Structures are given as C-alpha cells and as structure tokens.
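Colleague: Dropping a structure here in structure tokens format, bear with me for questions.
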Amino acid sequence: MNSPIASPSIALRLRVYFSRMIHVSIGFHASAGLTATLLFILMMAGCSEEDGGVIGVFDNTPPLAGSITPGCEATGVPLSQKITVTFNEAMDSSTVTTATFTLAGPTGTPVPGTVTYVSATSIATFTPSSNLTVGTTYTYTIKGGASGVKDMGGNGLTYNFVCSFSTGAALDGTAPTVVSTDPINNATGVPLSRVIPTETTDNLPGGTFNKTVGPAGTSDVASGRIITATFSEAMDPLTITASTFTVTGPGTTVVTGSVSYAGPSFAATFVPTNNLSPNTTYTGTITTGARDLAGNALASNYVWNFTTGIFADTTRPTVIATDPA
C-alpha cells in the first residue's frame, strides 16, 4: 500500500531525521525505501570529485572541554591569571560568551571579565577585569546543554564543565621563555614542505556533514614546512599571532603563513602558505608581544635560524621492526 502524499509546503523545507520509523519532510511523506534513497543522494551530493570524493558522516557527537588552565584543584594560581579552555573540536563562536563561560568567587559571586574564542585553536579565554584576590578559591564553569556552548554541528556539551582553583599570595612576575624550536637553531637540510590532513564541514539538513578534503585521490593537502616554537608555560593564545611569530628569508623577505597555538603542548605553530625555497636560510622570530596567561612578556625577542635542503622530502616512512615479530 502506498504512503499518503500531502501537498507540497510553500517553504519546501527539507528536514532529515531518524527514529524508529524514518520520516522525511520535503512537503510530502515518503516510504522508508524512498527515504533511504534520498538520504544517500544527499550524502553523495555533499562530496564532489573536486573535494576528493570522500564521504563523511553527520556530526551528532557532543564536544568536550579538554586542556584547561589553571587545572582543577590547582593552588598558588597567580592573581593576574587568565582562564583558558581548549575544546576537542571547532566551536560555534557565537555560543562562547560571558553567559556560557563564567568565573565565580567563593560565595558564588560572579567575577566580571571578558570572553574570547580563537577558532584556529579552539581555545576560549576568560580574562578577569581586575586581579583576583589573594588566597581565594574560584570556580569557572563552561555551560552545557541546549543553552550552553555548541560545536559547529550544533551539539552542546553533555553537562556543565565545572572546575575550581585557589590563588596564591602574589602576582606572577616570571617571564616565559622559548624552550625549543623545530627546526632547531642552525639546522641544515630542512625539508621544504610537509603534507598535513585537513578536514572541512558542510551544513546539511539534519546535521553537519564532515569530510576530509585534498588533492584528487588523497585525503591530505600539501603545506609549507611546519615551524614550531614551544614555550616554558601556558601562553595567552590571543598574543600568539602572525605579528608575534614571524618567519623571514632570504634576508628580510617576509614569509606568508598562518599561526596557531596549542594549549596542551604550549607550542606555537607557523605554517607557510607555500613551500620554502631550497638551499635558503630562514629566520624565525617570537617577539615580546607574546605573553603568558599572567600577562608577562618574553624578556626579549627570541630569534633562530635554519637552512633548507636542496630537495623536498618525498621519502616514505617504513616499518623496520615489530614486537611481536
């Protein structure tokens, strides 16, 4: 027996969702068999050959609050401390606000401040309007649920993320330092490029469609040689930018690229837009504009040099041993 057919709606809105019975609304009701066919067509339409032709899945996975600073139950926290939370995926920046990221004192009194979110790093930062009080316990909350923070697929945290810490007796006056770089200072034969995976999302009815894109036949995209600088402590992600992390070469020629910061590893990353030139000396610089979460700047600019090799590194890695054999 055929399913009843209703007249098309004016808006012709398309909604796809699942329950025990599959229902599709595009102005009419369809049988389960037709529904499955339509859904497959929609999924295929989301991936073209130009995108690499890789089929993904609808995103219905809640995001997670990962790396945090200060940590839960931390003590002796500097009075000028900013609070950062790194999410495990890209978030909808319009949902990361002072209403969903809050800080409160021991009696639950809200601490005034500002909230910023850096999409490139998925890091949210709460900056108190003034220094915190000596020897006081504070609690910060990332709001979950329907009215909380959400990822790009519209999924919210499953529950409120709550964490407390206690301040110390003094301000943090210790300047951060750069503890390592890649390439290291005066390195030679540095590869010209590196291939890194890239993922994008398409918003389709019923959810967000994730797919990996890249050159035809691959799941990766070519990138300039990745350059990193690792700090001695957590840095303010808002101060790690293309103005404070630069690469030049040869000479003073500016290398264009993108800069990001990974909270868990304290590492800043510079990715050149194009491959580096062969047999060329480059200079990386971290300026005093880079600051830690207490607002302390580097004591001086950190500068290092490296020289590229003659050819791009195209040698594939191999497995040389296993255990068990």
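Colleague: Checking the conditions here, which among Thr287, Thr314, Thr283 is over 16 Å from Ser180 (Cα atoms) and either out of contact with any Cys (no Cβ under 7 Å at 6 or more places or on another chain) or at pLDDT 95 or above (or both)? If you could, list the steps in order and put the result at the bottom.
Modeller: Details: Thr287 fails: over 16 Å from Ser180 (Cα atoms); Thr283 fails: over 16 Å from Ser180 (Cα atoms).
Criteria check complete, one pass: Thr314.
Colleague: Of the conditions (1) in contact with a Phe, Trp or Tyr (Cβ under 8 Å, 6 or more places away or on another chain); (2) open to solvent by 40 Å² or more (accessible area, probe 1.4 Å); (3) at pLDDT 95 or above, Asp202 fails just one. Which one is it?
Modeller: All conditions are met except number (3).
Colleague: Can you tell me which residues in the stretch 179-193 are crowded, with 17+ Cβ neighbours inside 10 Å and in contact with a Ser or Thr (Cβ under 7 Å, 6 or more places away or on another chain)?
Modeller: Of everything in the stretch 179-193, those that are crowded, with 17+ Cβ neighbours inside 10 Å and in contact with a Ser or Thr (Cβ under 7 Å, 6 or more places away or on another chain) turn out to be Thr181, Val190, Leu192, Ser193.
Colleague: Looking at the stretch 59-68 only, could you name the residues that are in a strand (DSSP E or B) and open to solvent by 30 Å² or more (accessible area, probe 1.4 Å)?
Modeller: Across the stretch 59-68, the qualifying residues are Gly66, Ser67, Ile68.
Colleague: A further question on this structure: Give the number of residues within the stretch 279-313 that are touching a Leu at 6+ places or on another chain (Cβ under 6 Å) and more than 29 Å from Ala169 (Cβ to Cβ). I'd like the intermediate steps shown before the answer.
Modeller: Step one: of the stretch 279-313, the residues touching a Leu at 6+ places or on another chain (Cβ under 6 Å) are 288, 290, 308, 312.
If we keep only those that are more than 29 Å from Ala169 (Cβ to Cβ) too, we end up with 308, 312.
Of the residues in the stretch 279-313, 2 are touching a Leu at 6+ places or on another chain (Cβ under 6 Å) and more than 29 Å from Ala169 (Cβ to Cβ).
Colleague: Related question: When only residues in the stretch 265-296 that are in contact with a helix residue (DSSP H, G or I) (Cβ under 8 Å, 6 or more places away or on another chain) and not basic (Lys, Arg) count, which is surrounded by the fewest Cβ atoms within 10 Å (Cβ to Cβ)? Break it down stepwise before answering.
Modeller: Taking the stretch 265-296 and keeping what is in contact with a helix residue (DSSP H, G or I) (Cβ under 8 Å, 6 or more places away or on another chain), we get 289-291.
When the remaining residues are screened for being not basic (Lys, Arg), the result is 289-290.
Values: Gly289: 14, Ala290: 25.
Only one residue fits best here, namely Gly289.
Here is a yes/no grid of residues against (1) among the polar types (S, T, N, Q); (2) in contact with a helix residue (DSSP H, G or I) (Cβ under 9 Å, 6 or more places away or on another chain); (3) touching a residue at least 24 places away in the same chain (Cβ under 8 Å); (4) open to solvent by 20 Å² or more (accessible area, probe 1.4 Å):
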{"position": "Pro70", "(1), (2), (3), (4)": "no, no, yes, no"}
{"position": "Thr84", "(1), (2), (3), (4)": "yes, yes, yes, no"}
{"position": "Asn88", "(1), (2), (3), (4)": "yes, no, yes, yes"}
{"position": "Thr107", "(1), (2), (3), (4)": "yes, no, no, yes"}
{"position": "Ser119", "(1), (2), (3), (4)": "yes, yes, yes, yes"}
{"position": "Phe126", "(1), (2), (3), (4)": "no, no, yes, no"}
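Colleague: If we keep just the residues of the stretch 297-325 that are aromatic (Phe, Trp, Tyr) and open to solvent by less than 80 Å² (accessible area, probe 1.4 Å), which is nearest to Ser130 (Cα to Cα)?
Modeller: In the first step, residues of the stretch 297-325 are kept if they are aromatic (Phe, Trp, Tyr); the result is 302, 304, 306, 311.
Filter again for open to solvent by less than 80 Å² (accessible area, probe 1.4 Å), leaving 302, 304, 306.
Numbers: Tyr302: 30, Trp304: 36, Phe306: 42 Å.
Selected residue: Tyr302.
Colleague: Still on this structure, I have one more. Here are some residues: Lys143, Lys150. Which one is farther than 23 Å from Ile240 by Cβ and either among the acidic types (Asp, Glu) or in contact with a helix residue (DSSP H, G or I) (Cβ under 7 Å, 6 or more places away or on another chain) (or both)?
Modeller: Lys150
Colleague: Here's something else I'd like to know. When the stretch 92-105 is examined, which residues are found to be outside any loop (DSSP other than H, G, I, E, B), in contact (Cβ under 8 Å) with a residue 40 or more places away in the chain and under 20 Å from the mean Cα position of the chain (by Cα)?
Modeller: Thr95, Phe101
The values are calculated or read from the model by the stated rules, or taken from the named source; none is laboratory data. No experiment lies behind these values; they were computed from the predicted model shown. Please note: Cβ atoms are built from the backbone with ideal geometry, for glycine as well, and neighbour counts cover all protein chains shown. With ligands, DNA and RNA removed, areas are computed over all heavy atoms of the protein, side chains included. Shrake-Rupley method; radii C 1.70, N 1.55, O 1.52, S 1.80 Å.
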